[in-house]
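To keep things clear, I will list the structure first and then write my remarks on it.
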Amino acid sequence: MTAEAARWELVRWWLRMIVGGSMAPADGGDLITHEGWGALDRPKPLRPLVETVEAHHTADGTRRGARERAIVTEAERLLAGPWPPAD
């Protein structure tokens, strides 16, 4: 397995943890942003998730719950498609 393929598998593992509830959406999103998206040279398919995570961090307290649900929804969308996601 190449380093890139291993990194994609790590991203998928984090996505599954987010969807399954064993990792907080924002924490998992941060890991994917910094250890996945950046390490994979910022692939386009992960951009919506990264943007959703960034929006979560800038949201006020009343909107954080909605932003967390949006992260989970985006994680579900990524997991439902081909893996790794195509550019």
Once phi is turned into ³J(HN,Hα) by the Karplus curve 6.51 cos²θ - 1.76 cosθ + 1.60 with θ = phi - 60°, what whole-Hz value does each residue of the range 78-84 show in order, with x for glycine and proline? 5, 5, 6, x, x, 10, x
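Sort the range 20-63 into rounded, prolate or oblate with this rule: let a ≥ b ≥ c be the square roots of the eigenvalues of the Cα gyration tensor; rounded if a/c is under 1.5, and if a/c is not under 1.5, prolate when a/b is larger than b/c, oblate otherwise.
Values: a/c = 2.40, a/b = 1.48, b/c = 1.63.
In terms of gyration-tensor shape, oblate.
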Using 0.36 nm per residue, how much length does the chain from residue 2 to residue 55 gain when fully extended, once their Cα-Cα distance is taken away? 15.9 nm
Under the Karplus curve 6.51 cos²θ - 1.76 cosθ + 1.60, θ = phi - 60°, whole-Hz ³J(HN,Hα) for the range 5-21, x wherever Gly or Pro sits: 4, 5, 5, 4, 5, 5, 4, 4, 4, 4, 4, 4, 5, 4, 5, x, x
Checked against the positive end of the charge dipole of the chain (+1 on Cβ of Lys and Arg, -1 on Cβ of Asp and Glu, about the Cα centre), the farthest of 19, 33, 58 is 19
The range 10-81, accessible surface, carbon-and-sulfur percent (1.4 angstrom probe): 49 percent
Could you give each residue of the range 33-41 its phi-based ³J(HN,Hα) in whole Hz, using Karplus coefficients 6.51, -1.76, 1.60 with θ = phi - 60°, and x for Gly or Pro? 4, 8, 9, x, 4, x, 5, 9, 6
Identified option (computed P(r) over Cα pairs in 5 Å bins from 0, in percent; candidates (1) 3, 15, 24, 19, 14, 11, 8, 4, 2, 0, 0; (2) 3, 13, 18, 18, 18, 14, 9, 5, 2, 0, 0; (3) 3, 16, 29, 26, 16, 7, 2, 1, 0): (3)
Heavy-atom surface of the range 7-87, accessible at 1.4 Å and reported per residue (Å²): 56 Å²
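The values are calculated or read from the model by the stated rules, or taken from the named source; none is laboratory data. The shown structure was predicted, so the numbers you read here are calculated from the model rather than taken from an experiment. So basically every Cβ, Gly included, is an ideal-geometry build from the backbone, and we count neighbours across all protein chains shown. Please note that ligands, DNA and RNA were not included when accessible areas were found on the heavy atoms of the full protein model with its side chains. Shrake-Rupley method; radii C 1.70, N 1.55, O 1.52, S 1.80 Å.
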